[in-house]
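Trainee: Got a structure for you, written out below as structure tokens; questions coming shortly.
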Amino acid sequence: MAVESKKNETSAEQTVNSEASKGEEFVKINGEGKSKDISKQHKEDQNAGKKGSSINGEKDLNLNTESAEEKEDEKKDEQDVVFVQDVGFTIKITAPGVEPFDIQVSSMEMVQEIHQLLMDREDTCHRTCFSLQLNATTLDNFAELKSIEGLKEGSVIKVVEEPYTMREARIHLRHVRDLLKSLDPSDAYNGLDCSSLSFLNVVTQGDILEKKKSRPESVDCTPSDSIIPGSSERPLLPLQPQSKEQKGPSCVKVLTTSGWNPPPGYRKLHGDLIYLYAVTLEDKRLHITACTRGFYINQSTDEEFNPKPANPNHLSHSLIELLSQVSPSFKRNFTLLQRKRTQRHPFERVATPYQVYSWIAPMADHPIDAIRAEDAFSSKLGYEEHIPGQTRDWNEELQTTRELPRKNLPERLLRERAIFKVHSDFVAAAARGAQAVIDGNVMAINPGEESRMQMFIWNNIFFSLGFDVRDHYKELGGDAAAYVAPKNDLQGVKVYNSVDQEGLYTLGTVVIDYRGYRVTAQSIIPGILEREQEQSVVYGSIDFGKTVVTHPKYLELLGKAGQQLKVFQHSVLNDKDEEVELCSSVECKGIIGNDGRHYILDLLRTFPPDVNFLKIEGEELSKEARALGFPVEHKHKLCCLRQELVDAFVESRYMLFIKYAAFHLQQVGLKKQKVPSERGTSIEKEVVKSEEAEIAGVQVTCASEKGTEEQQQLNSDEAKKIVESITDSITHGEKPDVEESTKEIVRKAAAAVGSLKDTEFDIRFNPDVLSPGVRHPDGLVALERLKKEKQLIKDAADFLITIQIPTFIRDCLDHSSAPLDGSTLIEAVHSRGINVRYLGKIVSMLSKVPQLEYVYVIGVSELIVRAAKHLFTSYMQGVEMMGLSAAIAHFLNCFLGSNPTPVATLGADELQTKPSKRRNKRRGKQSPLSNNESTDWVHMTPKSLWSLLKAELSSYWDWELAADGIDAAIEKYMGQKVSLLRAFCQRTGIQILMREYSYEVKNRNTFFEEDIINVFPVVKHINPRASDAFHFYTTGQQKIQQGFLKEGYELISEALNLLNNVYGAMHPEIAQCLRMLARLNYIMGEHVEALGYQQKAVFMSERVNGIDHPYTITEYTHLALYCFANNQISTALKLLYRARYLTLIVIGENHPEVALLDSNIGLILHAVGEYDLSLRFLEKALALNKKYYGSRSLKVAVSYHLVARTQSCMGDFRSALQNEKETYTIYKLQLGEEHEKTKESSECLRHLTQQAVVLQKKMNELYQGRLGAGVPTTGLPLPPIQIQPPSMGSVLDMLNVINGILFVQISPQDIEAFREEMERRQMTEGSPPKVLEVKDEQATSTDNSSQVFIFAILIAVVAGQAYKPSNYPASPYKPEYPAPGYRPSYPAPYKPAYPPPAYKPEYPSYKPEYPAPAYPSKNYDYPPMPYKFEWAVKDDYTYNDYAHEETSDDKGQVTGSYRTLLPDGRTQVVNYKADDYTGYIADVKYEGEAKYPAEYKPAYKPGYPAPAYKPAYPEPAYKPAYPEPAYKPAYPEPAYKPSYPEPAYKPSYGAPSYKPSYPAPAYKPAYPPAKYPAYPAPKYPAKYQ
């Protein structure tokens, strides 16, 4: 807990400064101050010259086809690079009462970070009020260490005790309370102080990194009965395993403020600050005085005030020291408590940025706690930020942080850290305020109005309720529209914040759902409360279009933002029939605050309307939409499309535009350019087909009927090349003879795709085109434009249902998207731009695909839970405070219980007082929102609730529920009640008691009043991002997927460092980064390092996502693999059992993830000889793989093989033989007889046959009495069977295959040639790309030949559905599409774990300072050596799909190709050739169709990272002026260049100067994509199948 400087600072400065050290706190918290963060160590090594060099060596980040303009931009960007010298050194600390000790610090840290470290060390944690002195000079807490004169290696810093003030005494008391409660999980259960739960060390029974490897652990293989396959038990108690060590020892019975406070005047003159009361474990009652010099015991009693010191008069500067002197039990237990506290992992103790709530908890104790009481009832809001007596100006802080400079990396880091910190504080304050408003603890600013219309101000935050005030939304749906409007507004705030347009300001906005009410919390515009709304609004409309005003400055600012958001500038008519220009919807209001800033608010219609859910007279939808039952009349008229859908639609139209123009431009250019007629013909067929279909109103997907995907994508790429080369020449004044014809072609292409401009591609949307009450200009031209705008919106809605939804289902069939619960399903749907209101249609489609039964079950469960939440919202509004727990329990009984007649359980007191009208009146005044007639909920029955559920599902999602109760629904839709209970509690904020619930009991209630522990707010807010870390991360991914492990590892490490600088120690994106580093270390053979990183990833995922979140399950699975690799077999099993248990609670057994877990569990049990148990898990995995992947999938082949291996070890050779035959059949069918896997299976069959024959022969001899006459055959043991137990190495290899890490076999001779070639490349290029990690392993084959396995690919780094765009999401915006003569200026969207395509974003080119190390130059003259190699990876679960092959002849001519699955869903295929004469020539083509999620676009070039900076806030009035970036489109020569703009980083596809000389057998990945008739998977080239 940071202590502030005594200087006067603004609250924003205090906030940022107080958090400046949080990024380092988690690595110093153990007490010695030595950083454990590898990114920091890497940074120090780099600045010391170990890994660093100048920025000019980044050849591998630049494309070979760089234009002159790009080079000029790079030179300018290089000038912005700031070199940060981060030097680490050691200093000595001397503190009173302890021996001097050394700590390691960084020159970039602040003094305050040392202060924080001392407050956390075990031997100095009891001090809070002290200063640090160097050579008798007091150090400024907010000074950077590098700025302190005389501070160097070995300097001695002295801790000097300072006098207390009232504020410092209260801070000290709070710190002591925090220390005493440091092991108490009650704050995490109660959702306080950003505490959350973690059970990793409980599951593993200690820190896995501290277990001694030298002494193998005893293997405990027994799982609980509920985890065994086939079990129907779903116990809840193991969800939060309790440990004896979880709660620390009690140190004191009572420690609170005294009733004698405040000190009387005459005692203030003696220095008395505050009086405390304590009861020790020895039952001593102590009255303590806190004075300016410290703490002492006074002579007061409970009845008499006597402030004089007691005898003996101990005076201690620390309260801990005083209590230790008077209470031996306190001293002993506090020492033990501190030891346990410091032994906990730092990630178990650091606060999370946002509060994570637990849906289930044990009944916790409620001890006396003065600090808790003060926080609850103190009027000094904001005390938790140590600013007593004043509230924070949230709006000023939020806007000031956005105005901070951002020209270089240090400035951007400071800005993003300030934005994130202020925003997280604002979210926490808004959540507290919303609870206070609904609980009736805040007075309304309009108390005379009806309660639903009241508004509130608390802590400088404005709160409004989600009701239709004064029929404002009457025409749009009334209360239903008013309820959804805040969420739409929040989405608008999110996108405008991401655009980050300078000079345009949005309000801090948080939407909170609590106790059935929706509350919107917003920061307050300066001056808005001092004038009427009509006087404030200078842009937009306050009455939905009746009166409209505009403002030139707003048109300018919104016009710039609209280019990226695809919002079209348009005109509407006001009440005077005057045309008014707008660049947003009419509801968007512009208000100039008293601070001179231009604010926009009410952004609920930022995106175009969704006509599939709007019934509009005179407008007819397409045939496809009508066939699906659209339009559906929704409850409100605020249905809008998502930004992801808008981006995908515009990209699709742009590709169609390019194809159309390319064909006709090609015809014009045929006179001067000879193009093969076959290619022209294919393009003509495709373009004509596409054009006809588009004109008919049907969205076409690249002529899938004609040719292969490869040929389609080739044509698409050819089209781009032709359009760009010809139009670029025209733009530069060349080829004037074709200029007129080109313009005509462009006009036709623009008309074909519905462009709003005739002369260029321009697809944008008018958000007001279908708005009721908005009038548009008349006239022929205006009406024609209006018709185009309407058609575009219809086409976009058609695109959603005809392209995006089928694509999502196809993704599920390919298992590239495998949601585990409702939340991950919604994430996957949103990433395609599909709204939740389409979930009913999706579920109906899924019901027809048997392979996607698990997605269907998840979808149905999500529909039921969401419908129940809708009903629960209105249900809770009719319940008074005293009946909340009883009402919630009754709703759960009606929803999930099997009792047909549950009885509402109210206490006897409540029942007796109901007839009393007087008491009713009094009770009705408890809250401004309470309902006097609040007993209607008692009459709800399961039948009535499920009847309402069916009606809600039908009206909102257009889906019919074929069940009348929970039991019928579970039976028909194969769900489970515990999953529905978990999802419902999380959606509504309910916390229930942790116990086992009997759902099937039909004669009594399942839930009781005592089972409802709490109701938490469900908070929705935006998530500020770390832009520079995003670039480091994606560049590192690109490097890794190209095979440059070292460079990629360093970039990912730097991304982790930047994330820690922006977010602090805890954030979901940091968890993703840690997981990637863990996988990289594992790939490179650093198993211990991998274990350390993955342990942190698990801790963090539990803390920031939740202990049962699907991402946490994935983290547990990865950690289990690394534990097994480190010979911690029992721990690996415990982790896998934990992951399986969590999966059973979340979704049940029927899921592909369970198949993966069971395969891992079965393999490890097989390794330790538990064959019977292993077989049960492996057979379950086999059944699930057959169900979801098809009986001829390679995954099924592997499962058959694993089952056969286990059966053979059990002696059941007959069954083993049968299963291995299935394996052989699948391999032969899928891979061919000559494939290595087929041959291995054949050899295994031969061995099993031999063993079976030997066994049968022995058995025949035994039972036929051939062992000798008179020898009895009864009771004889079975004959010995030759069973070779598997080695741990072979089991680990199989685990790697199952988890997506594949191997390629290469002969030893080729390895030697490979090594020579690597050495040659290192010397010639000066860059040592350690592409593959080589591991020698002695083979066991009969010819004793050695085999060398090398890791061919790396990444399952970002696991499948986990951390999709949520972690490093790209901005969902693209700048305006240019005319055909220009290259598209929008950046590629980001999707984790895939290399970004070669686009050129609008932000300046990115050059991370990671040049190649300078190696001594030597000349090696090697003759060309022929070679051939290839490798491939296809792992749908982890989104990894890429391959590479290369061949060289004895003349040094190299040919090859590689393919990579891009983030937008396409596959990039590059065929290249190179030699010493012609150089490197590449032919790039794309397969598939681009599908873009939300994008992330920073405005500035990343520079070099710095760990910590002293915040330097400008004055509030300061508004830095940023010049508009001068974008210079590159006009390429006719030679082909990538048709998308290049990324900020520039991956290297240059000609390799090395010439490896080793042949390698063609390798085929283990798991080709499954093919299904309904939604076929993409077809890859045959060699990759």
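The values are calculated or read from the model by the stated rules, or taken from the named source; none is laboratory data. Bear in mind the structure is a predicted one, so any value in this text is a computation, not a measurement. Neighbour counts run over all protein chains shown; Cβ positions are idealised from the backbone, glycine included. The protein model used for the area step is the full one, side chains on, heavy atoms only, and it has no ligands, DNA or RNA in it. Shrake-Rupley method; radii C 1.70, N 1.55, O 1.52, S 1.80 Å.
Trainee: Give just the number: which of (1) assigned to a helix (DSSP H, G or I); (2) open to solvent by 70 Å² or more (accessible area, probe 1.4 Å) does GLN338 not satisfy?
Mentor: (2)
Trainee: Among the helices (runs of 4 or more DSSP H) lying completely within the range 879-969, list those that include at least 2 residues that are at pLDDT 90 or above.
Mentor: The helices (runs of 4 or more DSSP H) meeting that bar are 884-896, 942-957.
Trainee: I would also like to ask the following. Report every pair of residues separated by at least 6 positions or lying on different chains whose Cβ atoms are under 6 Å apart, first residue within the range 1008-1027 and free of Cβ contacts under 8 Å to residues at least 24 places away in the same chain and surrounded by 21 or more Cβ atoms within 10 Å (Cβ to Cβ), second in a loop (DSSP other than H, G, I, E, B) and aromatic (Phe, Trp, Tyr).
Mentor: Nothing qualifies.
So that you can scan it fast, the table gives a plain yes or no per residue for (1) part of a strand (DSSP E or B); (2) aliphatic (A, V, I, L, M); (3) at pLDDT below 75:
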| residue | (1), (2), (3) |
| --- | --- |
| ASN1419 | no, no, yes |
| MET1425 | no, yes, yes |
| VAL1433 | yes, yes, yes |
| TYR1437 | no, no, yes |
| ARG1459 | yes, no, no |
| ASP1464 | no, no, yes |
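Trainee: Kindly indicate whether any position in the range 1134-1154 is among the small types (Gly, Ala, Ser) and outside any helix (DSSP H, G or I).
Mentor: Yes, the range 1134-1154 contains a residue that is among the small types (Gly, Ala, Ser) and outside any helix (DSSP H, G or I).
Trainee: From the list TYR838, TYR875, pick out the single residue that is modelled with pLDDT of 95 or more and either under 15 Å from LEU949 (Cβ atoms) or within 31 Å of the chain's Cα centre (by Cα) (or both).
Mentor: Only one candidate qualifies: TYR838.
Trainee: Any idea how many residues of the range 1050-1088 are more than 25 Å from LEU197 (Cα to Cα), open to solvent by 10 Å² or more (accessible area, probe 1.4 Å) and in a helix (DSSP H, G or I)?
Mentor: Residues flagged as more than 25 Å from LEU197 (Cα to Cα), open to solvent by 10 Å² or more (accessible area, probe 1.4 Å) and in a helix (DSSP H, G or I) within the range 1050-1088 amount to 3.
Trainee: Give me the residue from the range 256-272 that is under 50 Å from the mean Cα position of the chain (by Cα) and open to solvent by less than 30 Å² (accessible area, probe 1.4 Å) and, out of that set, farthest from ARG174 (Cα to Cα).
Mentor: SER258
Trainee: Report yes if ALA430 is out of contact with any helix residue (DSSP H, G or I) (no Cβ under 8 Å at 6 or more places or on another chain), in a helix (DSSP H, G or I) and modelled with pLDDT of 95 or more, otherwise no.
Mentor: For ALA430, the condition - out of contact with any helix residue (DSSP H, G or I) (no Cβ under 8 Å at 6 or more places or on another chain), in a helix (DSSP H, G or I) and modelled with pLDDT of 95 or more - is met.
Trainee: What number of residues in the range 1466-1476 are at pLDDT 80 or above and open to solvent by 30 Å² or more (accessible area, probe 1.4 Å)?
Mentor: Result for the range 1466-1476: 2.
Trainee: Additional query: For the range 532-644, list the helices (runs of 4 or more DSSP H) that sit wholly inside it and hold at least 2 residues that are in contact with a helix residue (DSSP H, G or I) (Cβ under 8 Å, 6 or more places away or on another chain) and touching a residue at least 40 places away in the same chain (Cβ under 8 Å); which are they?
Mentor: It comes to 552-565, 623-627.
Trainee: Do you know which of the residues in the range 527-546 that are open to solvent by 40 Å² or more (accessible area, probe 1.4 Å), more than 22 Å from ASN488 (Cβ to Cβ) and of a type outside the set (A, V, I, L, M) is modelled with the highest pLDDT?
Mentor: Restricting to residues being open to solvent by 40 Å² or more (accessible area, probe 1.4 Å), more than 22 Å from ASN488 (Cβ to Cβ) and of a type outside the set (A, V, I, L, M), the top hit is GLU530.
Trainee: Take the range 1222-1241 and flag every residue that is loosely packed, with under 15 Cβ neighbours inside 10 Å, part of a helix (DSSP H, G or I) and free of Cβ contacts under 8 Å to residues at least 40 places away in the same chain.
Mentor: LEU1229, LYS1239, GLU1240
Trainee: Residue check, LYS1096 against (1) under 26 Å from TYR1189 (Cα atoms); (2) open to solvent by 10 Å² or more (accessible area, probe 1.4 Å); (3) outside any loop (DSSP other than H, G, I, E, B), all met but one. Which one?
Mentor: All conditions are met except number (1).
Trainee: Consider GLY440 carefully, then state whether it is open to solvent by 20 Å² or more (accessible area, probe 1.4 Å) and either more than 29 Å from ASP543 (Cβ to Cβ) or not in a loop (DSSP other than H, G, I, E, B) (or both).
Mentor: Against the criterion (open to solvent by 20 Å² or more (accessible area, probe 1.4 Å) and either more than 29 Å from ASP543 (Cβ to Cβ) or not in a loop (DSSP other than H, G, I, E, B) (or both)), GLY440 qualifies.
Trainee: Any residue that is open to solvent by 10 Å² or more (accessible area, probe 1.4 Å), assigned to a helix (DSSP H, G or I) and either touching a residue at least 40 places away in the same chain (Cβ under 8 Å) or hydroxyl-bearing (Ser, Thr, Tyr) (or both) - is there at least one of those in the range 456-475?
Mentor: Yes, some residue in the range 456-475 is open to solvent by 10 Å² or more (accessible area, probe 1.4 Å), assigned to a helix (DSSP H, G or I) and either touching a residue at least 40 places away in the same chain (Cβ under 8 Å) or hydroxyl-bearing (Ser, Thr, Tyr) (or both).
Trainee: Please go through the range 273-289 and give me each residue that is surrounded by fewer than 21 Cβ atoms within 10 Å (Cβ to Cβ) and touching a residue at least 60 places away in the same chain (Cβ under 8 Å), ordered by number.
Mentor: none
Trainee: Determine which single condition ASP758 fails, assuming it passes every other condition in (1) over 29 Å from GLU617 (Cβ atoms); (2) assigned to a helix (DSSP H, G or I).
Mentor: (2)
Trainee: Would you call LYS1046 assigned to a helix (DSSP H, G or I) and open to solvent by 10 Å² or more (accessible area, probe 1.4 Å)?
Mentor: So LYS1046 passes the test.
Trainee: Let me ask something else about it. Has the range 608-629 got at least one residue that is at positive phi, under 31 Å from the mean Cα position of the chain (by Cα) and either open to solvent by 20 Å² or more (accessible area, probe 1.4 Å) or modelled with pLDDT under 95 (or both)?
Mentor: No, that holds for no residue.
Trainee: Please work out which residue is nearest to GLY259 (Cα to Cα), limiting yourself to the range 298-323 and to residues that are without any contact (Cβ under 8 Å) to a residue 60 or more places away in the chain and open to solvent by less than 30 Å² (accessible area, probe 1.4 Å).
Mentor: SER300
Trainee: When you look at GLU1149, is it buried (at least 24 other Cβ atoms within 10 Å of the Cβ) and either of a type in the set (Asp, Glu) or in contact with an Asp or Glu (Cβ under 6 Å, 6 or more places away or on another chain) (or both), yes or no?
Mentor: no
Trainee: With the structure loaded, tell me whether ASP178 is closer than 29 Å to TYR275 by Cα and in contact (Cβ under 8 Å) with a residue 12 or more places away in the chain or whether it fails that test.
Mentor: Yes: the conditions hold for ASP178.
Trainee: For ARG170, which of the numbered conditions (1) under 25 Å from ASP193 (Cα atoms); (2) open to solvent by less than 20 Å² (accessible area, probe 1.4 Å); (3) modelled with pLDDT of 90 or more fails to hold?
Mentor: So the condition that ARG170 fails would be (2).
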